[in-house]
Structures are given as structure tokens and as C-alpha cells.
Amino acid sequence: MAGDSLDVVARTYHTENGVEHAEGDAYAVTNRVLAETLRAIGFVSIDGWTEDALPAPATGATAGTPGAFTPAGSAPPADLAAMAAIVATPATAWTTGQSVVLGDASHASWDASTWVAGPAAG
């Protein structure tokens, strides 16, 4: 840390206060809250800080409005295509309006044989 700034390294392309940063770019952030936020969302690494462990991927999904992924605290699948290996509970068709929220903020539901986009139609 130099003065009142934190030295960071970009983990992915992003902009910060209108400035573009490519993966691997090193730069200083003068606002500690902003630096901590950029770190928390995975945009930067801060030298000397331990990275948060990523949650385990989900292996199951339970119907609800919205439903939940299992095990508790697991990372939701990124999108509908990533749902293929997820085990649905119950295994019967989900009822009207039931769904889970995916990593891309879309919804998916189980129709008793496959995952489909959107809440269950019933």
C-alpha cells in the first residue's frame, strides 16, 4: 500500500471510474471501499490479501418460488445449459410458478424430464 492508495491487479477486464483495465494490469485505487468492492466481486486482487474461497457448484435444485440450489451456499449454474447435471427435487414436474434463479438471473424449472427456461407453466 502506497500512501492512501491500495495497489491492485486486475483479474478480469473492467472499468473503474471510467478507466479501462485489462486482465493483469496493476494500478492504484485511492478509495479503500472501492478497492474492497472490486476485490469482493472478483475484479481485482490486492497484494497480501487472501482471496475468498469460491463456493462449491450446485448439484441439486429444490422447487420453490423461487427454489434453492443444494447444497446450501453452493454456486448456482451460470445458465440453462449448465443445468444438465443438476438433480431436480421433486423429480416430478414442478408446479405453476416454481423455478430456480440461475447465475445469469434467468429462471429455470423442471418438467419431469428436462430443465426448461422460465418458471413452471403448470
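Using θ = phi - 60° and the Karplus form 6.51 cos²θ - 1.76 cosθ + 1.60, what ³J(HN,Hα) does each residue of region 94-100 get, whole Hz, x for Gly and Pro?
Computed from phi, the couplings for region 94-100 are 6, 7, 3, x, 6, 6, 10 Hz.
Which cross-chain or sequence-distant (5 or more) residues have an amide H under 5 Å from the amide H of Gly60, H modelled 1.01 Å from N in plane?
Residues meeting the amide H criterion: Thr70, Val87.
Counting alpha carbon pairs within less than 8 Å and at least 6 residues apart, what relative contact order, in whole percent, applies to region 10-122?
The normalised contact order for region 10-122 reaches 18 percent.
Under 10 °C and 1.306 mPa s, how fast does the chain diffuse according to Stokes-Einstein, given a Kirkwood radius computed over C-alpha pairs? Answer in µm²/s, whole number.
D = 96 µm²/s.
Please rank Arg32, Arg11, fewest neighbouring Cβ atoms within 10 Å first, as an exposure proxy.
Ranking Arg32, Arg11 by Cβ neighbours within 10 Å, fewest first, gives Arg32, Arg11.
Based on DSSP H runs of at least 4 residues, each adding -39500 (n - 2.57), what is the mean residue ellipticity at 222 nm of the chain after dividing by all its residues, to the nearest 500 deg cm²/dmol?
Roughly -2000 deg cm²/dmol at 222 nm, from the helical runs in the chain.
What is the sum of charges, Lys and Arg at +1 and Asp and Glu at -1, for the other residues whose Cβ falls under 15 Å from the Cβ of Ile86?
-3
Ratio of alpha-carbon Rg to the 2.2 N^0.38 Å globular estimate for region 6-46, to two decimals, please.
0.95
Take Val8, Val33 and order them by how many other Cβ atoms sit within 10 Å, fewest up front.
Ordered from fewest to most neighbouring Cβ atoms within 10 Å, Val8, Val33 come out as Val33, Val8.
Using the Cα gyration tensor of region 60-117, with a ≥ b ≥ c the square roots of its eigenvalues, what is the shape: rounded (a/c below 1.5), prolate (a/b larger than b/c) or oblate (neither)?
rounded
Quick note: the coordinates plus some simple rules give every number you see, no bench work behind them. The model shown is predicted, which means the values in this text are computed figures rather than measured ones. FYI the Cβ positions are ideal-geometry reconstructions off the backbone, even for glycines, and counts take in every protein chain you see.
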